[in-house]
Amino acid sequence: MASDSQKIDSLAFSISGTPTITSKKLNGKNYLAWSASIELWFLDQGYHEHLEQSSEKISEDKREQWKKFDYQLCALLWQSVEPTILTNFRAFKTCYSFWKKTQSVFANDIQQLYDAAQKLTTLKQTDHDMVVYALKAQSVVEELKLSLEADKLEDIKTELDNLYMVLVLRGMHPDFDHIRDQVLTGQEVPSLKNLITRLLQVPHQK
């Protein structure tokens, strides 16, 4: 395995060619696709530990060198984010802090469930290639099932309640997208009952 010093030299050489971690820049609505691309790149390069641990976990004799390399990696992470989004994350200058902050902001379970339900309810066969359609349908269903996994009966009821809620949100008029976005990005997930109560209180628009 390459040493940290070798990794730094290798990355410095790559930076001169303006490497791109992913073409899927984070825009606030594509976190799942963006994070999957980022994680795959870090795994492929052998740098995944920079996403999962802070410099405090590194031995003192290697810490400064590790941090220097981490700053270079974080600069690449910044390049994978749309400028309008990056403005809110410039304070996070290490891979670990940046990764965890984007995760806490965008990795909302309800958002993931909404996205999975959206894919399934909008799934359409556009040509006569049944194999492609069947495989895509299977993939979409599996993604939705992952969002609904639970062991206890009470947890299953909660997940189903969440599914009903995102289906209701999906059917709302575009003029009320701001309400949908507030629910999907909120810290607390409302029950379907609370959501309906909230919707009934929205002023009527002509």
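The values are calculated or read from the model by the stated rules, or taken from the named source; none is laboratory data. These figures come from a predicted structure and were not determined experimentally. Here Cβ is always computed from backbone atoms with ideal geometry, including for glycine, and neighbour counts include all displayed protein chains.
Restricting the range 162-206 to residues that are over 17 Å from Lys119 (Cα atoms), hydroxyl-bearing (Ser, Thr, Tyr) and in a helix (DSSP H, G or I), which is farthest from the chain's Cα centre (by Cα)?
Ranking the candidates gives Thr197 first.
Please give the number of the condition Trp41 fails out of (1) in contact with an Asp or Glu (Cβ under 9 Å, 6 or more places away or on another chain); (2) under 13 Å from Thr22 (Cα atoms).
(1)
Residue-wise test of (1) at pLDDT 95 or above; (2) touching a helix residue (DSSP H, G or I) at 6+ places or on another chain (Cβ under 8 Å); (3) surrounded by 13 or more Cβ atoms within 10 Å (Cβ to Cβ).
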position: Tyr31; (1), (2), (3): no, yes, yes
position: Ile38; (1), (2), (3): no, yes, yes
position: Glu52; (1), (2), (3): no, yes, yes
position: Ser59; (1), (2), (3): no, no, no
position: Gln72; (1), (2), (3): no, yes, yes
position: Ile85; (1), (2), (3): no, no, yes
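Working only within the range 44-59, note down all residues that are closer than 17 Å to Phe92 by Cβ and small (Gly, Ala, Ser).
Passing the criteria: Ser54, Ser55.
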